[in-house]
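The values are calculated or read from the model by the stated rules, or taken from the named source; none is laboratory data. Remember, predicted model here, so these are calculated numbers, not experimental data. Glycine also receives a Cβ, built like all others from the backbone with ideal geometry; neighbour counts cover every protein chain displayed.
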Amino acid sequence: MQFRRVLVSGGAGFVGSSLAIALKAAFPEVSVTALDNLRRRGSELNLPRLKRHGVVFLHGDVRCREDIEVCSAFDLLVDCSAEPSVQAGLDGACLSVVSNNLFGTVVCMEAARRHEAAFLFVSSSRVYPVGRLNALAFREEPTRFCWTGEDGVPGASAAGIAEEFPLESSRSLYGATKLAGELLLQECAASFGMPVLIDRCGVLAGPWQMGKADQGVVTLWVARHIFRQDLAYFGYGGSGKQVRDVLHVDDFIDLVCRQLERPSLWDGRAYNVGGGPSSSASLVELTEICRAATGCRAAIHRREEPSPADLRIYISDCRRAAADFQWRPRPAVDHIVEDIAAWVRANEGVLREILA
């Protein structure tokens, strides 16, 4: 890898800590620093892991320019910091999500520009408009909704949603901040020659994710089964048939390592990153997978009222990433669930209060 000093913002979070540890393990000669404000419950549990693997931790906030200026010189900034909930701001209080996700990215972008560093932006599939996605033709099967593929919409196919899918229309405040960050980084790449790469991630999952109902749903589902606590299917008649593809965080790390070896492609382009059709599940199917993996059952409630930001189906078309980096996601929702279940059981004492 050509980079020798890496700064990971949000470095004590699920993706940030996993990535920082993996980069240090894969490239021992590289200096890796994790910056985090530790506001998310459970992120403090990652500090011993970071230290044990030789990652330097700095307590700071990406919105504070002075906190980033404390960091030693770096030649790659990986921006994993964000308010990750698609529900953020829907109650009308939008300052926090805009401040965290947009202003924080701008501060990181300016720091990278000053250091003449490359920038890897962990964006989101939520940049795609909710209404356009929900308008795609679908059919209802016994355990899930499925796209029919009969729309002729650019970027929509049986393989999922590709990067060409139309971006016009609304998407949620969270998605809007991510898309705005992408556009600013692309401008920075064009204006200043900053190497920039954007990964539009779908549902990432794995051990050390502090799952909630609005972010980290796979971990939440596993933990609620183990702790025998209630769950709910929201919207779509309470059917639980809405579908997402799921990618193990280790597979995302594999992609990032491959991307780091292709600096010629860092020109502001975006990649859709997810598990794809073969690693997808509805909530109903996820429930059955969790029951099989844990041997436990959680009571399921059904609530018909939908969230304005919910999607009937989202599946990532990852063929661009596959072609450019010879990367393939593993089709393994059951493996992801088993991996998370083993982690929860091994840490039940400390995780019960957080995940339950």
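Structural remarks
- Neighbours by Cβ (under 9 Å, 6+ apart or cross-chain): first from the stretch 316-336, at positive phi; second modelled with pLDDT of 95 or more and surrounded by fewer than 16 Cβ atoms within 10 Å (Cβ to Cβ): Gln326/Arg258
- Beta carbons closer than 8 Å, at least 6 apart along the sequence or on distinct chains, pair a first residue in the stretch 57-75 that is over 20 Å from Leu102 (Cα atoms) with a second that is basic (Lys, Arg) for Phe57/Lys51; Ser72/Arg5; Ala73/Arg5; Phe74/Arg5; Asp75/Arg4; Asp75/Arg5.
- Whichever residue in the stretch 198-225 is within 11 Å of the chain's Cα centre (by Cα) and not small (Gly, Ala, Ser) and, among such residues, is nearest to Ile300 (Cα to Cα): Gln215
- Residue-level analysis places Arg171 among those that are farther than 22 Å from Val15 by Cα, touching a residue at least 40 places away in the same chain (Cβ under 8 Å), basic (Lys, Arg) and assigned to a loop (DSSP other than H, G, I, E, B).
Listed here are the residues, each with its yes/no results for (1) surrounded by 23 or more Cβ atoms within 10 Å (Cβ to Cβ); (2) within 19 Å of Gly216 (Cβ to Cβ).
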| site | (1), (2) |
| --- | --- |
| Leu7 | yes, no |
| Ile21 | yes, yes |
| Arg49 | no, yes |
| Arg65 | no, no |
| Glu69 | no, no |
| Val78 | yes, no |
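- Flag for Ile340 being in contact with a helix residue (DSSP H, G or I) (Cβ under 6 Å, 6 or more places away or on another chain), part of a helix (DSSP H, G or I) and either crowded, with 21+ Cβ neighbours inside 10 Å or of a type in the set (Ser, Thr, Tyr) (or both): yes
- Candidate set from the stretch 118-156 (those that are more than 22 Å from the chain's Cα centre (by Cα) and in a strand (DSSP E or B)); member that is surrounded by the most Cβ atoms within 10 Å (Cβ to Cβ): Trp147
- Members of the stretch 22-45 found to be within 25 Å of Glu353 (Cβ to Cβ), touching a strand residue (DSSP E or B) at 6+ places or on another chain (Cβ under 8 Å) and not in a strand (DSSP E or B), listed by number: Asn37, Leu38, Ser43
- Remark: Ser169 falls outside the filter, which requires a residue to be surrounded by fewer than 22 Cβ atoms within 10 Å (Cβ to Cβ), under 20 Å from the mean Cα position of the chain (by Cα) and farther than 25 Å from Ala281 by Cα.
- Among all positions in the stretch 294-308, there is no residue which is surrounded by fewer than 19 Cβ atoms within 10 Å (Cβ to Cβ) and in a helix (DSSP H, G or I).
- Hey, Ala232 closer than 30 Å to Leu351 by Cβ, touching a residue at least 60 places away in the same chain (Cβ under 8 Å), in contact with a His (Cβ under 7 Å, 6 or more places away or on another chain) and surrounded by fewer than 23 Cβ atoms within 10 Å (Cβ to Cβ) or not: yes
- Contact annotation: residue pairs with Cβ atoms under 7 Å, 6 or more positions apart or on different chains, pairing a residue in the stretch 259-278 that is in contact (Cβ under 8 Å) with a residue 60 or more places away in the chain with a partner that is in a helix (DSSP H, G or I) and among the hydroxyl-bearing types (Ser, Thr, Tyr), are Asn272/Ser125; Gly274/Ser125.
- Taken residue by residue, the stretch 190-212 has at least one member that is surrounded by fewer than 21 Cβ atoms within 10 Å (Cβ to Cβ) and among the basic types (Lys, Arg).
- If you go through the stretch 235-267 and keep only what is buried (at least 20 other Cβ atoms within 10 Å of the Cβ), touching a Leu at 6+ places or on another chain (Cβ under 9 Å) and not in a helix (DSSP H, G or I), you end up with Gly240, Lys241, Gln242, Val243, Arg244, Val246, Leu247, His248.
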